[in-house]
2 protein chains.
Amino acid sequence: MTQSYFGAAEFAARRAKVKAAMAKAGLDLLICADPANMDYLTGFKGWSFYVPQCVLLHADDEHPTWVGRGQDGAAARLTTTLPDDHILPYPDDYVQNRTKHPMHFVADHIKKRSWQRARIGLEMDAYYFSGRSADAIRAALPDARFSDCDHLVNWVRLVKSGPELAYIREAATLASAAMRAGIDGIRTGRRQCDVVAEIYAAQVKGTTAFGGDYTAICPLLPTGAGTSTPHLSWSDEPFREGEATILELAGSRLGYHCPMARTVHVGQPPKRLADTAAVVIEGLHAALAAAKPGATAEAVEAAWRGVISKHGIRKESRIGYPFGLAYPPDWGEHTASLRPGDKTELEPNMCFHCIPGIWEQGWGFEVSAAFVVTASGGKPFYDFPEALAIKA
Amino acid sequence: MTQSYFGAAEFAARRAKVKAAMAKAGLDLLICADPANMDYLTGFKGWSFYVPQCVLLHADDEHPTWVGRGQDGAAARLTTTLPDDHILPYPDDYVQNRTKHPMHFVADHIKKRSWQRARIGLEMDAYYFSGRSADAIRAALPDARFSDCDHLVNWVRLVKSGPELAYIREAATLASAAMRAGIDGIRTGRRQCDVVAEIYAAQVKGTTAFGGDYTAICPLLPTGAGTSTPHLSWSDEPFREGEATILELAGSRLGYHCPMARTVHVGQPPKRLADTAAVVIEGLHAALAAAKPGATAEAVEAAWRGVISKHGIRKESRIGYPFGLAYPPDWGEHTASLRPGDKTELEPNMCFHCIPGIWEQGWGFEVSAAFVVTASGGKPFYDFPEALAIKA
């Protein structure tokens, strides 16, 4: 590990944007427990989000404050440029203890800084901010005015900076290599796990110029009847003649993801699958063409829907979401969704994963595009064949 | 994917144990959002825990009820043997929506079953049961009596069944293969990412008899000054002469994990590292010898402490935790801890990962043993050299 991969100016710009959003939301203090938001604000890396930790950002403090487990304090010193007095490790007996909670330690620090009457924003729907964390901090600070910050930092992250886009482009190279390994590896009789081993190796080995990181979701690989649902992983069963396999995976460069989905069929595909694939690809292109600055998220979905409804295909679930810096268990950013009713206006340098998956009784098809919003529409980060791949 | 890897008798025994614990705790209904607990109670698999989902277990209902996102309903049908009327997919617009929450859907079902006055146990410290989930279900069911179930299912999981131990043994084979790939792969000038690609491939490819699954934590690989902290992952920098690398990883067989940590040094190690390694290994063996049925968790730690204190080594953090069925971001079970004050009595077939890591200013050392409690002490699942590995 080295120091942060972004310069001081990038972090200053991020913090200024977040503080402006805090002012608009009427917040003095933000408690971020989402590891992607912690990284975004400070550069902090490490698989330590399995214990409670957070970054505190106060409107009046120049620096964010990292709070985490004692043994992870050195990781904060190694991966961030925070001053030492803004790195607060808590004693180990706070970990998985029925009678004390790390949020009590956080509350003590907030009192020490005289912030106990602040208007405090919590990330109430972040994965690693449990019900107990929320209850503990609220009970320990009875004079504070708490509210759900509604993914405030995630919304700031929606528009990517130049350096962020550069890492996503590298992640696209990793995703393409992993998808190539997967499609090349599938054939009748080979075990699924043997192909997934090659996918992982490609994701991580990367190129001679740069390597890859772990991805926020494992390679998904539903096969056969499993293609009726998107989130199954692999087994050690063999690929079988006459069965389809959906591959959804990503590359990750320093936590910046680029996701991709493709579908493979071993042997000649049934007509309904081949026909569906052609329509879905046409619909995906319509969505990309519509993804221009000023268009709404729902308008992008409507462009897709306009194509598929002509062909009698229906889909009720959203067709896409923003992506970027991410930690397990999701590379989506949880802000806008490409679906009816979402009025988010697209801006240049927003990045979306458009993945209009079709899951029917016993079968399914997926193809996707990870794209950046440009004046001429959504521009995919990769140029990778979209057609249903046919293998022997 | 196939149907569950355990028979009906195993699930019946699990549910009976959980219901007995519920009766003891005064609970009518349990809402489990921890994916490992959902899997334990139903066999449900899938990387869908990034959206709210849960299993409801009511004392008076023969079957648990799965609630999750619409597109994951087919995964519940494919991986569990739950009757169709106990699989409840919610519409997609509940996903990441500011004004409605999946827990409202859960509350509606609870009312439909006339359980709205029940004594309901929540997993208040589960990763995927956010503050917003907790607030939403409590607000929607004002007549229910809620309490934190305090990891009730996790405590039931502490003692493993025969079929569970068989899968952990297979996971030990995977962990050993992955560790072997890592130690063999490290040498001066090779990139860290190239070695981690080989680790992942070994974890997943497995043996000719069985393959491996994704692990709940990525391979951890702090190197150089990074060995002063446990949870850093790899980079694309090369391994360097005169630097140590800590490898902590696991194998996973159908979600059943077996973790392992070892330390490698490129070139001749400094005396303080070699001396520390010898003492830590001696202390680890003392802990294993003490891990007999009837001993307390704190007694196991005391045996370790007795050895290291003679040699002037101090360690404040816990030295181990139970492991088994796990999903990201942790393969620990969050119940007992091998540390002072923990009076949990060991029983046969409990499984612990004893990992007495030493993290000092600028350097560190880790070695571990994943063991099962037996009458003759803690028996490691693998036989893998514990000494500091020296590479060129």
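The values are calculated or read from the model by the stated rules, or taken from the named source; none is laboratory data. Just so it is clear, the model here is predicted, and its values are computed rather than measured. Methodologically, a virtual Cβ is constructed for each residue, glycine included, from the backbone with ideal geometry; neighbour enumeration extends over all protein chains shown. Calculation scope for accessible area: heavy atoms of the full protein, side chains included, ligands and nucleic acids excluded. Shrake-Rupley method; radii C 1.70, N 1.55, O 1.52, S 1.80 Å.
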query = Tell me, what % of the accessible area of segment B:287-392 is carbon and sulfur with a 1.4 angstrom probe?
reply = 53
The protein assembly as shown - accessible surface per residue (Å², probe 1.4 Å) = 33
ask   = Hey, can you list the residues from segment A:195-217 whose accessible area shrinks by 40 Å² or more with all protein chains present, relative to the chain by itself (probe 1.4 Å, no ligands or nucleic acids)?
value = A:ALA197, A:TYR200, A:VAL204, A:LYS205, A:TYR214
task = Might you report the magnitude of the Cβ-based charge dipole of chain B about its Cα centre, with Lys and Arg at +1 and Asp and Glu at -1, to the nearest 20 debye?
result = 320
message = List, by residue number, every residue in segment B:337-354 with a reduction of 50 Å² or greater in accessible area between the chain on its own and the complete protein assembly, 1.4 Å probe.
response = B:ARG339
task = Kindly compute the accessible surface that chains B and A hide from a 1.4 Å probe when together, both sides summed, and give it to the nearest 100 Å².
result = 6500
key: Euclidean distance of C-alpha centroids, segment B:309-384 and segment B:257-295, integer Å   = 11
query = What FRET efficiency comes out for the pair A:ALA375/A:ALA20, r = Cβ-Cβ distance, R0 = 22 Å, nearest 0.05?
reply = 0.30
remark   = Here the percent of antiparallel bridges among DSSP beta bridges lying wholly in chain A, to the nearest 5, is 75
key: Long-range HN-HN contacts of A:ARG145 with modeled amide H, under 5 Å   = A:ALA118, A:ARG119, A:ILE120
request  = Could you let me know the centre-to-centre spacing of segment B:39-64 and segment A:161-192, using Cα atoms, in angstrom?
outcome  = 32
key: Enclosed volume per residue, in Å³, of the convex hull spanned by Cα atoms of chain B   = 145
note = Residues of segment B:77-122 that bury at least 20 Å² of accessible area, probe 1.4 Å, when all protein chains are present rather than the chain alone, are B:LEU78, B:ASP92, B:VAL95, B:GLN96, B:ARG98
query = Sorted by accessible area (1.4 Å probe), largest first, how do B:HIS151, A:HIS104 line up?
reply = A:HIS104, B:HIS151
Exposure ranking of A:ARG113, B:ARG98 by accessible area [1.4 Å probe, largest first] = B:ARG98, A:ARG113
key: Cβ-based charge dipole, the protein assembly as shown, positive-most Cα from A:VAL266, B:SER252, A:THR188   = B:SER252
inquiry  = Can you classify the protein assembly as shown as rounded, prolate or oblate using the Cα gyration tensor, where a ≥ b ≥ c are the square roots of its eigenvalues, rounded means a/c under 1.5, and otherwise it's prolate if a/b beats b/c and oblate if not?
reply    = rounded
key: Dipole magnitude of the protein assembly as shown, debye to nearest 20 (Cβ charges: Lys/Arg +1, Asp/Glu -1, about Cα centre)   = 240
ask   = Could you sort A:ASP383, B:ASP150, B:ASP213 by accessible area so the largest value comes first, with the probe set to 1.4 Å?
value = A:ASP383, B:ASP150, B:ASP213
request  = May I ask you to give the percent of accessible area on segment A:91-181 that is carbon plus sulfur, with a probe radius of 1.4 Å?
outcome  = 51
Only Lys, Arg (+1) and Asp, Glu (-1) charged, at Cβ; segment A:1-125 dipole about Cα centre in debye = 260
task = Take the alpha carbon gyration tensor of segment A:147-187, find the square roots of its eigenvalues, order them as a ≥ b ≥ c, and report rounded if a/c is under 1.5; if not, report prolate when a/b exceeds b/c, else oblate.
result = oblate
inquiry  = Distances in nm, one decimal, shortest first, from A:GLY341 to the same residue in every other copy, taking the label point 7 angstrom along Cα→Cβ.
reply    = 4.6
